[in-house]
Amino acid sequence: MSRNPQTPSRRPWKGSSIPRLPPLAACIAAALLVAACGATAAAPSWTALPPATAAASTPSSSPSPSAAATASPSPSPLASAAAVAFPLTVRDDDGTLLRLASEPQRIVSLMPAITETLFALGEGSKVVGGTESDDFPAAAKAVPHVASYTGVQIEKVVALRPDLVVAGGDSGTQPADIARLRSLGLPVLVVYAGSVNAALADIRLLGMVSGTYPEAVAMTSALRARIDAIAAAAAARPSHPRVFYELGDTPDLYGPSDDFFGVELIRLAGGIPITTGDPVSFTMPLERLVAADPEVIVLGDAAYGTTADAVAHRPGWENLTAVRTGAIRPVDDTIVTRPGPRLADGLKSLLGYIHPEASIAQ
């Protein structure tokens, strides 16, 4: 069974564990579906706005390609927890300004973390489309699937008549799919959590566009307090072991790229992360791992059948400190690396894997 990121040089699909490489036929079929989709969407009440005209523009009921999104600096979150009023203009994580004339009632989520966040904000009834990896809460499993790590099923999204599509940035959702959805007249908001702070900001952003901003502020404030308490407990540990978080082992060995979301979590959980040495590649050279000599190995690919015993018997691994001491620990990767409302739970779980002797109440 293949247990590896979708490509060695691309970030894995957060919140769905580590997806397997799709067969070539599936890739071709997905590409043909996107290319062949010629349906048009019902005109929503939204407008993609160039930054210079955002303040003065009014919503349009018939957006056109000429109202193309324009890249702009990072978003400026609202200062208070007051309820957000519509029409509303927000800037997403790709710098695109989007004006929504009214509160969305039909939302399509293209990433598992987005789906989970919307449900946690009490907006689950508005989620009319999700991904094949949506698994939390249980009710999210029943949402019609319109996306997977192989791509977006454009025709299905259009048929759902969404008034908001929320996509993943940094190739969480393929840029070609985002462009195609926008070309069909659909409002697309892109979020990408590259850090804990960004994950919390994205929860607030989803609260803004869904009309649940006060709830999002309360949620992120509670998460921030728990994260800080867990990090403080981890920092107080007498030692901080070298940690390798395995993401896959077939056909190559995969670990965290230097800017992978989970690297910050390992540090916050009291570990010293061992990375691939590349900002985007997840391929881990064995010689680099041996030189780093992990004291703890965390199996993020445990859900795909990787076991501690199998790792311990890999050729060339017998002298690693983690193997000699038996510090090879399977983890629920979904809860650890999904940047959503269970972020603090994931961090607490990770601390327990890195420091099993620690006991905290948060």
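Okay, here's what the table says:
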{"item": "Hits in the stretch 240-273 - residues which are among the polar types (S, T, N, Q) and closer than 20 Å to residue 196 by Cα", "result": "257"}
{"item": "Which numbered condition residue 243 misses (of (1) assigned to a helix (DSSP H, G or I); (2) in the same structural domain as residue 333 (by TED's automatic domain parsing); (3) in contact with a helix residue (DSSP H, G or I) (Cβ under 7 Å, 6 or more places away or on another chain))", "result": "(1)"}
{"item": "Where a residue in the stretch 246-260 is without any contact (Cβ under 8 Å) to a residue 24 or more places away in the chain and its partner, wherever it lies, is polar (S, T, N, Q) and crowded, with 21+ Cβ neighbours inside 10 Å, with Cβ under 9 Å and at least six apart", "result": "258/275; 258/276"}
{"item": "Filter result for residue 225 (modelled with pLDDT of 95 or more, among the small types (Gly, Ala, Ser) and closer than 26 Å to residue 191 by Cβ)", "result": "yes"}
{"item": "Qualifying positions in the stretch 219-240 - among the hydrophobic types (A, V, I, L, M, F, W, C), closer than 17 Å to residue 340 by Cα and surrounded by 14 or more Cβ atoms within 10 Å (Cβ to Cβ)", "result": "219, 223, 227, 230"}
{"item": "Residue within the stretch 265-273 that is of a type in the set (Gly, Ala, Ser) and without any contact (Cβ under 8 Å) to a residue 40 or more places away in the chain present", "result": "no"}
{"item": "Considering residues of the stretch 277-291 that are surrounded by 20 or more Cβ atoms within 10 Å (Cβ to Cβ) and of a type in the set (A, V, I, L, M) only, the residue farthest from residue 354 (Cα to Cα)", "result": "284"}
{"item": "Criterion violated by residue 263 - all others in (1) buried (at least 21 other Cβ atoms within 10 Å of the Cβ); (2) among the aliphatic types (A, V, I, L, M); (3) part of a helix (DSSP H, G or I); (4) in the same structural domain as residue 331 (by TED's automatic domain parsing) satisfied", "result": "(1)"}
{"item": "Hey, residue 305 touching a Lys or Arg at 6+ places or on another chain (Cβ under 8 Å), touching a residue at least 12 places away in the same chain (Cβ under 8 Å) and either surrounded by fewer than 18 Cβ atoms within 10 Å (Cβ to Cβ) or of a type in the set (A, V, I, L, M) (or both) or not", "result": "yes"}
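The values are calculated or read from the model by the stated rules, or taken from the named source; none is laboratory data. Predicted, not measured: the structure shown is a model, and the values here were computed from it. We place every Cβ from the backbone using ideal geometry, glycine too, and count neighbours over all the protein chains shown.
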